[in-house]
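**Q** The structure's right below; bear with me while I get my questions together.
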Amino acid sequence: ETGVTQSPTHLIKTRGQQVTLRCSSQSGHNTVSWYQQALGQGPQFIFQYYREEENGRGNFPPRFSGLQFPNYSSELNVNALELDDSALYLCASSPPTGAAYNEQFFGPGTRLTVL
Amino acid sequence: DAKTTQPNSMESNEEEPVHLPCNHSTISGTDYIHWYRQLPSQGPEYVIHGLTSNVNNRMASLAIAEDRKSSTLILHRATLRDAAVYYCILSYRDDKIIFGKGTRLHILP
């Protein structure tokens with residue numbers, strides 16, 4: 001069983017540019033969540049997608065947007081990059097709801113540096 | 001969102017038990033208590049969760065106070081591989097978990 005994968009591993013962009021990060025969820029998982037982790041901090045929830053619809057959003061501006069595809073893979077798009085967007089971006093998938101509890105399975109993350 | 005309070009860091013000797021505390025005095029009746037850990041250069045990984053009763057799994061035990069205002073993650077026999085940041089999190093089921101800063105656990109050989 002393949003776990004959660006993310007691409008690219010590392011990325012360097014300049015202020016004002018746009019970036020797309022990709023996530024392949026674990027087989028059979030239909031919920032994907034995205035997190036931003038600044039250096040030395042815990043992950044901060046950006047948003048969650050369930051069956052291709054946004055299903056909750058954290059305190060992030062609209063320039064952070066996402067998509068989930070029919071195969072449940074997902075993209076995180078960030079427009080007009082700012083220096084403070086430099087962080088590790090984590091994707092997590094979880095299996096179909098219906099169970100009493102579903103743990104989240106995290107990918108290794110994409111390290112974004114904004115210069 | 002209900003908040004948790006954890007010590008910034010803890011140390012333990014290898015092969016000894018470790019008790020990681022978490023306070024959550026504003027927990028609501030539907031909040032689950034989750035623990036995740038993050039090893040260096042990796043994404044977080046699930047450790048254990050509970051609602052009201054103490055829980056055991058192959059990785060750890062979770063002891064929940066009777067009033068649910070605090071809990072303790074117990075690693076029965078720490079190894080060097082257990083050195084990580086441990087996050088105590090409250091949320092309803094698995095939805096939109098909100099991480100704090102966690103406890104950085106150092107294991108001394």
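The values are calculated or read from the model by the stated rules, or taken from the named source; none is laboratory data. In this text, all values refer to a predicted model and were calculated from it rather than measured experimentally. Positions of Cβ are generated from backbone atoms using ideal geometry, with glycine treated the same way; all protein chains shown enter the neighbour counts.
**Q** Scan segment A:1-46 residue by residue and report those that are crowded, with 16+ Cβ neighbours inside 10 Å and under 19 Å from A:GLU82 (Cα atoms).
**A** Hits for segment A:1-46 are A:LYS13, A:VAL19, A:LEU21, A:TRP34, A:TYR35, A:GLN36, A:GLN37, A:PRO43, A:GLN44, A:PHE45, A:ILE46.
**Q** Are any of the residues in segment B:39-53 assigned to a strand (DSSP E or B), in contact with a Phe, Trp or Tyr (Cβ under 9 Å, 6 or more places away or on another chain) and away from every other protein chain (no Cβ under 13 Å)?
**A** No, that holds for no residue.
**Q** So A:LEU39 clears everything in (1) among the aliphatic types (A, V, I, L, M); (2) outside any strand (DSSP E or B); (3) more than 14 Å from chain B (Cβ to nearest Cβ) except one condition, right? Which one?
**A** (3)
**Q** Moving to a separate point now. Among the candidates A:SER25, A:SER65, A:SER74, which residue alone is within 14 Å of chain B (Cβ to nearest Cβ), in contact with a strand residue (DSSP E or B) (Cβ under 6 Å, 6 or more places away or on another chain) and among the polar types (S, T, N, Q)?
**A** A:SER25
**Q** Restricting to segment B:65-109, name every residue that is of a type in the set (Val, Ile, Thr), surrounded by 20 or more Cβ atoms within 10 Å (Cβ to Cβ) and under 12 Å from the mean Cα position of the chain (by Cα).
**A** B:VAL85, B:ILE89, B:THR103
**Q** Now for a separate question. Are any residues in segment B:2-59 in contact with a strand residue (DSSP E or B) (Cβ under 6 Å, 6 or more places away or on another chain), within 27 Å of A:GLY107 (Cα to Cα) and exposed (fewer than 12 other Cβ atoms within 10 Å of the Cβ), and if so, which ones?
**A** B:SER9, B:ASN57, listed by residue number.
**Q** Which of the residues that make up segment A:42-62 are within 12 Å of another protein chain (Cβ to nearest Cβ), over 21 Å from A:GLU103 (Cβ atoms) and not basic (Lys, Arg)?
**A** Across segment A:42-62, the qualifying residues are A:GLU54, A:ASN59.
**Q** Consider A:ASN55 carefully, then state whether it is at pLDDT below 90, polar (S, T, N, Q) and assigned to a strand (DSSP E or B).
**A** Working: at pLDDT below 90: yes; polar (S, T, N, Q): yes; assigned to a strand (DSSP E or B): yes.
Against the criterion (at pLDDT below 90, polar (S, T, N, Q) and assigned to a strand (DSSP E or B)), A:ASN55 qualifies.
**Q** I'd like the full set of residues that are assigned to a strand (DSSP E or B) and farther than 30 Å from A:ARG15 by Cβ, limited to segment A:82-97.
**A** A:SER93, A:SER94, A:THR97
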